[in-house]
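Trainee: So that we are looking at the same thing, I have put the structure below in structure tokens.
The values are calculated or read from the model by the stated rules, or taken from the named source; none is laboratory data. Remember, predicted model here, so these are calculated numbers, not experimental data. Virtual Cβ from ideal backbone geometry, glycine too; neighbours counted across all protein chains shown. These area figures cover heavy atoms from the full protein model, side chains too; ligands, DNA and RNA do not enter into them. Shrake-Rupley method; radii C 1.70, N 1.55, O 1.52, S 1.80 Å.
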Amino acid sequence: MTRAEDTQGAIVTATVTKTFDSLNPATGDLVGTHPVFDAEQVNDTVARAREAASWWAGLSFAERAERLKIWRGIIARRMAQLAEISHAETGKPTADAQLEIVMMLDHLAWAAGNARKVLGRKKVSTGLMAPDLGASVEYLPLGVIGVIGPWNFPVFTPMGSIAYALAAGNAVVFKPSEFTPGVGVWLVDAFAQAVPEHPVLQVVTGLGETGAALCSSGVDKIAFTGSTATGKKVMRACADTLTPVLIEAGGKDVLLVDADADLDAAAEAAVWGGLSNAGQACIGTERVYVHERVYDEFVGKLGDLVTNLRAGDDPEAQLGPMTMPSQPKVVADHIADALSKGARALVGGIAAVGERLVQPTVLVDVPEDSIAMTEETFGPTLAVNKVRDMDEAIERANDSRYGLGAAVFSKGRGQELARRIRSGMTGVNLVYLFAALPELPFGGVGDSGFGRIHGPDGLREFTYAKSIAHRRFPALLPLTTFARTAKIDKLMATLTVLRHG
Ligand code: NDP
């Protein structure tokens, strides 16, 4: 809103809405123009969401599930349209954009279908010492959830929060990344068709400041997915209003290859884990540790597979461009640092990094202190090192400030090794698929963040526990009364020594 004097000298106000463009990263073509929501507009949106939230929370689980099912149907039927927008805004192959939507729909179905079972009111047994009391617990919606999303999986990732928050009975205000606003607007428009009564899901488009405004808007929780650095800013901003936060941040995932592993499967998984989505994945494989007995054979297979892949903006290319214009420089810096410290490029290298297209790179013998091993690269690169045994592999895997996903390839020790890795999720003889299982919680430790989306934990994340204790009959030993007698105090003391002494 700006204030100015008109020709007669009267003060007038006018709403000036700034806009920003979303561009196709491969071609630079305009995909869409969107308003930049300022703090006042964000606050207005949250105020509308608050009214919608009380209507939505007042519906039964079944009534909400019914509406979420209609939304799911709309998305499924128009999946090609959504995939096309995602492709245009991120540059990823359209088939990959579709895969993301397919996986998301399973989560939406699971969250809606299981919310009552996970969150609904349950009787709690009160034990021998309190036979006179009954108790119950249920998980109630927090109110309005602010969801701040990244661009790399612009459907799947924010929907990991949105679907679960809605199924738990909250309204949601969604701030998509400035690189993928069109995807966010599409999802919200589709929701409005399924649930026309109230704006239970709304979008606020804009740049970082719009996200910051959402943090200060008085929402009841912020679910943030993005870089660790921005996650810290979000936490700082939320501290002022004691707004709780869920942080899904970056990763530096490992893939371990044991001496008895199926090397073809391990190489295939490393290639998908490291290079799909052009390596722009929080759970993307970045570090690979291989048992020395199978190292040469594994590296040979990996090299063969990677040589067949190509980044481009044509339909045959398996890898799209880098979505963010600033990312190729980050990838180049990581490769250059590793090479200058003694690593070798088995495939690719500095020359693989173009202005927007980055061809795959496999680095071997990478010094552990190079930034390619310590910082999130977020590009189509893999760093592969030889280890003496799996104990050394675990030690190196855990020597990271991140702890998001991981993978272990081993025939005999997969589960054991998986449990020793400090990460929120680990795949045994697979990559990525733990994210596709709606039953499993998803999230990290350390600099990868905290809190969980997906699964029962992902539903509870957007609720608060409401406990109720009630009296069933008069107390045998009345304790919470000034009429308590010395005899009762003595009896209590005796019983306590008997129970705990
Ligand atoms: P950013 O941290 O740059 O941005 C994430 C979101 O935060 C965007 O919507 C951004 O808006 C917004 N934002 C920026 N500044 C602020 C601020 N001051 N206050 C509030 N919000 C703000 O991450 P990217 O979009 O670059 O995403 C890539 C990162 O996300 C990677 O590190 C990746 O590992 C991580 N990620 C984590 C996942 C997980 O589940 N753990 C899943 C997917 C990605 P804008 O875009 O307009 O600047």
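Trainee: Inspect region 86-96 for any residue being touching a residue at least 24 places away in the same chain (Cβ under 8 Å) and within 25 Å of Leu459 (Cα to Cα) and give the result as yes or no.
Mentor: Taking every residue of region 86-96 in turn, none turns out to be touching a residue at least 24 places away in the same chain (Cβ under 8 Å) and within 25 Å of Leu459 (Cα to Cα).
Trainee: Which residues, counting only those in region 155-174, are open to solvent by 10 Å² or more (accessible area, probe 1.4 Å) and not polar (S, T, N, Q)?
Mentor: Here is the first cut: in region 155-174, the residues open to solvent by 10 Å² or more (accessible area, probe 1.4 Å) are 156-157.
Correct list: Phe156 only.
Trainee: Could you tell me whether any residue of region 212-224 is within 30 Å of Arg116 (Cβ to Cβ), away from the ligand (no atom under 16 Å from the Cβ) and open to solvent by 10 Å² or more (accessible area, probe 1.4 Å)? Quick ask: steps written out before the conclusion?
Mentor: To start, the set of residues in region 212-224 that are within 30 Å of Arg116 (Cβ to Cβ) comprises 214, 217-224.
Still in the list and also away from the ligand (no atom under 16 Å from the Cβ): 220.
Now narrow it down to the ones that are open to solvent by 10 Å² or more (accessible area, probe 1.4 Å): 220.
Yes - at least one qualifying residue is present in region 212-224.
Trainee: Go through region 304-335 and count every residue that is surrounded by fewer than 22 Cβ atoms within 10 Å (Cβ to Cβ) and among the hydroxyl-bearing types (Ser, Thr, Tyr).
Mentor: Of the residues in that region, 2 qualify.
Trainee: Right, something else. Scanning for something within 16 Å of the ligand (Cβ to nearest atom) and among the basic types (Lys, Arg), does region 384-400 turn up at least one residue?
Mentor: Our first condition is that a residue be within 16 Å of the ligand (Cβ to nearest atom); within region 384-400, this holds for 400.
Next, only the ones that are among the basic types (Lys, Arg) stay: none.
Within region 384-400, not a single residue is within 16 Å of the ligand (Cβ to nearest atom) and among the basic types (Lys, Arg).
Trainee: Next question, about the same structure. Only one of (1) touching a residue at least 60 places away in the same chain (Cβ under 8 Å); (2) within 6 Å of the ligand (Cβ to nearest atom); (3) under 17 Å from Thr157 (Cβ atoms) is not met by Thr230, so which one is it?
Mentor: The one condition Thr230 does not meet is (1).
Trainee: Counting just the residues of region 334-364 that are in a loop (DSSP other than H, G, I, E, B) and basic (Lys, Arg), which one comes out modelled with the highest pLDDT?
Mentor: Applying the first criterion (in a loop (DSSP other than H, G, I, E, B)) to region 334-364 yields 341-343, 348-349, 354-357, 359-360.
Applying the additional criterion that residues be basic (Lys, Arg) yields 341, 356.
On the way: Lys341: 98, Arg356: 91.
Here the answer is Lys341.
Trainee: Taking region 428-437, which residues are within 22 Å of Asp106 (Cα to Cα) and touching a residue at least 40 places away in the same chain (Cβ under 8 Å)?
Mentor: Leu430, Val431, Tyr432, Ala435, Ala436
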